[in-house]
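Remarks on the structure that follows.
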Ligand code: BGC
């Protein structure tokens, strides 16, 4: 147990610089930043170089690079996570990745990234441990899918780009994670039982699938200039992802031209020399031991005494020649260049002193006490943005007889344990620290999932609170039953009189460290909905706060269904905005909702009994190749309940059938010209526009709204020169969010890049444009195509 006195003794070392919340506005080119980094590196001893690549102690931030006081370098602070600063007071809990993906709105993705970046910077955090593109969402039950944006690589890629630009425009480094193949949580890490180590699961992915699905959004991330990439816990094709020469050295740093640094996930490093030579640049959380830290004249908290693979082991490896000094210099250059690029050497705010306390208090390592400083309030007006994004990421799945928006009601009942304030507090870490509560809090709205992607709120507006406030304003009364046991037992006798509308709030908890057990919503949701629907025939509206894919077995018994995902701290306000029509819903599904759980065919690999301990037992074969989510449903002729990309509005939209195609590239070569320089994102020709398609989108209803026209592309496959077998019939390659007044029509142009109409040729190790008929489908979801055009490549 740590005393707070020890913490206070350590703290001043980390908070050396003055607080300056404004960005410095420094604008440096990569080569200028690299020059500064190399001048800095030239002044370092071998040990200091090694320590720069090794995390320090636990706290004040999730990851820490030790200061080097003699060079006035105050170290680096790395913080979770993808929905806001997890370990911080008076910071904003933003909508989760899946909610943001469901907006299909580039501007909001960027605005969220920027606002998060501002908060991290003002809290003194140099690096945001996010955003997330892995897991992509192969398994609908995957515990961390909600941290990312979408199961489709194109949509995920755009969201990664916008988010990273936002973070880094605020002066904070982004860390695209988890690279690569971390698609399930079960056995994601190695496990030691009775001294015997069982290796982490091996995601066995072929080269084409890797490139066209799982790598795709990371390519966007590199193109957007992400400072760092976090390698994942799992093995890939039998080798740990953090020592994977092929994916780190050849693909990420070679093919994609990544110039920043690869950081390990926490304790995901399994070797020293092999990992460093395999492409790993920084190990997290290290840790440096107390002895190692003392060589820097720092006192360390003796919390982790697990030896690190780096630290002094790395200096030994350089001294004995197993790692070249040039490689270590490259690591330092990669780590320090983004630091200088973003001006973090100048007037960067110190780490908020309350952070260390919060960290230790929340892990039970220190007690609350009056000496703890008040947190720096970095929330600004971000609550309004959270509310806007959460409403924009809310998907109206069904709306019979236009029961929504709610109008002219005098009496409403709110049902469900997701509706009220949370019973267990305002922090959502969940079972990662308390396995006795696998579904998180029983009572209370679910604003975000659990684990490192969770967040802490200073205030969380629950649906029940927001609806009651609306009722006081509009003059309706609000009854409620928030105990799902009563609902499941059909004990609804407290309700009187019969309401105009019944709202049922359901939740689906999902967390790092565990995969979900079922696609249904939690807490007896099916019985709860069926009983309410029987009472409130034709007037039941179900709202889900969920990590993503659910089965909805009561779909035909209710009038409306609203998928509100994980909305962040304004949960109640954002859902009231949509239910009462202040915001016209415009969210669309970033995944497919099935009729039955069995429609998805991607079971989580789970081995039980003695076999689970076989050192190499855990194998996850991605034999479906490119056919996940809607591509899988399409290939197997399975009709989903709600298609990928589906989302209703309170108005109606149309797409004109006479779309115009114009080729930008004349005589497009099948292969791009080989790149002569290494550019972030890889060969720049892949990102060049080759073809435009223009159509007209109309609002055919009576209120203003935002449409999301989507472009799906079918590569030629049957002809000679077409794409090889294993190519999905149709994939997403464009979308726009288009705001339209009632009756308004506007032209919309989609631009396709070379990469968008190519497949990865394994033989040639290159993106190849196939020859033949290219079909372009425009619609409002994968299952709602309104116009098609064919053009010749
Ligand atoms: C997670 C990472 C996270 C890290 C630091 C790990 O368990 O996988 O996503 O950034 O912890 O908290």
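Taken together, the values in this text are just the output of simple stated rules run on the coordinates, not laboratory data. The shown structure was predicted, so the numbers you read here are calculated from the model rather than taken from an experiment. Cβ: placed from backbone, ideal geometry, glycine included. Neighbour counts: every protein chain shown.
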### Antiparallel bridge percentage (DSSP; both residues within region 30-363; nearest 5)
35
### Message
Quick check on region 89-143: take the gyration tensor over C-alpha atoms, sort the square-rooted eigenvalues as a ≥ b ≥ c, and tell me if it's rounded (a/c under 1.5), prolate or oblate.
### Response
prolate
### Message
Modelling each spin label as a point 7 Å along the Cα-to-Cβ direction, I'd like the residue 744/residue 421 distance in nm, to one decimal.
### Response
4.1
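Just subtract the alpha-carbon distance of residue 479 and residue 324 from 0.36 nm times their residue separation and send over the number in nm, one decimal.
Result: 48.8 nm gained on full extension.
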### residue 407-residue 28 FRET efficiency (beta carbon distance; Förster radius 45 Å; 0.05 resolution)
0.25
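Quick check on packing: order 335-342, 469-476, 502-509 by the mean number of other C-beta atoms within 10 Å, highest mean leading.
On the way: 335-342: 25.1, 469-476: 13.8, 502-509: 27.9.
Descending packing order for the listed peptides: 502-509, 335-342, 469-476.
Which FRET efficiency value, to the nearest 0.05, do you get for residue 718 and residue 684 by plugging their Cβ-Cβ distance into 1/(1 + (r/R0)^6) with R0 = 41 Å?
According to the calculation, E is roughly 0.85.
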### Task
Of all alpha-carbon pairs in region 652-792, indicate the percentage at a distance above 17 angstrom.
62
### Message
Helix-only mean residue ellipticity at 222 nm, the chain, DSSP H runs n ≥ 4 weighted -39,500 (n - 2.57), per residue, nearest 500. What is it?
### Response
-6500 deg cm²/dmol
### Summary
Each label sits 7 Å from Cα toward the beta-carbon; between residue 668 and residue 517 the label points are separated, in nm, by 4.9
### Task
Run the quick spin-label model on residue 192 and residue 791: label points 7 Å from Cα toward the beta carbon, then report their separation in nm to one decimal.
5.9
### Task
Using Cα centres only, tell me the gap between region 510-567 and region 389-424 in whole Å.
12
### Summary
Ordering 187-198, 750-761, 88-99 by per-residue average of other C-beta atoms within 10 angstrom, highest first, gives 88-99, 750-761, 187-198
### Message
What does DSSP give for the chain in terms of the percent of beta bridges that are antiparallel, rounded to the nearest 5?
### Response
55
### Prolate/oblate/rounded label for region 30-363 (Cα gyration tensor, a/c 1.5)
rounded
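Output the peptides 367-375, 113-121 sorted from most to least packed, where packing is the average of other Cβ atoms within 10 Å over each peptide's residues.
Per-residue mean Cβ counts within 10 Å order the peptides as 113-121, 367-375.
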### Message
Below 8 Å, C-alpha to C-alpha, sequence gap of six or more: please give me the relative contact order for region 482-542 in percent.
### Response
50
### Message
Eigenvalues of the Cα gyration tensor times 5, then square-rooted: what semi-axes does that give for the chain, in whole angstrom, largest first?
### Response
41, 34, 24
### For the chain: relative contact order, % (alpha-carbon pairs under 8 angstrom, 6 or more apart)
15
#### Entry: Relative contact order [Cα under 8 Å, 6+ residues apart], region 381-590, whole percent
35
### Query
Can you list the equivalent-ellipsoid semi-axes of region 381-590, largest first and in whole Å, using the square root of 5 times each Cα gyration tensor eigenvalue?
25, 20, 16
### Task
Report the residues of region 235-269 in range of a label on residue 607: point 7 Å along Cα→C-beta, backbone N strictly under 15 Å from it.
235-239
### Message
Compute the distance from the alpha-carbon center of region 36-82 to that of region 210-241, in whole Å.
### Response
24
#### Entry: FRET efficiency for residue 369 and residue 614, using Cβ-Cβ distance with R0 set to 41 Å, rounded to 0.05
0.25
